[in-house]
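Report on one structure; see the data block that follows.
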Amino acid sequence: MSVSEDRLKSLLIQGFAGDTTAYRTFLKELSAHLRAFLRGRLTRLPDEVEDLVQETLLAVHNQRHTYDAGQPLTAWIHAIARYKLIDVLRRREGREALNDSLDDEIDVFAASATEADDARRDLAKLLVQLPDRQRLPIIRMKLEGRSVVEAAQLCGMSESAVKVGVHRGLKALAAMIRGER
């Protein structure tokens, strides 16, 4: 499961405040997020993914002072990744080939933001159908990235109940997606 927007933003802001451990964690979790994000978009250039992840991380680090905390973090990061993707395509395919390939890639990136918003809305509609004992642990653990202990405290449940809730809730969500419920 991808790292949540809130978690990444929180880690970055802690890093701005001088928490080097939080900033290191931010970069580590961001690299995993970027790797997954770019792998799906560079199916024709799988060997470029790792280089692009590293270039994007470096650009994020170098441009972190330009980030507006009032704006979505992942949108800012994805914009940086798009520019880095353009650079990769320029190096790899040359200017003439860039026009065709870049148009395809930009369509993918433009669609990705809309698809992510649609997916979040769809997930919210499905989650609302679950009972609290399943929905809340899923939100805390899977969407917010919290530990079992933290989720149990926030949900007012035992750790065992949280684990069972997540398991049963994910099973119920899968059944809903398949149209079985």
Pairwise FRET efficiency - residue 147 versus residue 123, Cβ, R0 = 22 Å, nearest 0.05: 0.55
Computed FRET value (nearest 0.05) for residue 178 with residue 90, which takes r as the C-beta separation and R₀ as 30 Å: 0.10
Could you sort the peptides 161-173, 46-58, 66-78 by per-residue average Cβ neighbour count (10 Å cutoff), highest mean leading? 161-173, 46-58, 66-78
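Ranking 141, 157 by Cβ neighbours within 10 Å, fewest first, what do you get?
Working: 141 23, 157 19.
Lowest count first: 157, 141.
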28 Å Cα-Cα threshold exceeded, pairs from 9/171; 28/163; 9/125; 84/125; 9/84; 28/84: 9/171; 84/125
Kindly list the residues of the range 118-161 that lie in the label zone of residue 28, defined by a backbone N under 17 Å from the point 7 Å along the Cα-to-C-beta vector. 145-148
State, to one decimal in nm, how far the label point of residue 167 lies from the label point of residue 43, with both points 7 Å from Cα in the Cβ direction. 3.5 nm
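Each value in this text was obtained by applying a stated rule to the coordinates, not by laboratory testing. Worth saying up front: this structure is predicted, and the values here are computed from it rather than measured. For neighbour counting, all protein chains shown are included, and Cβ atoms are generated from backbone atoms with ideal geometry for every residue, glycine included.
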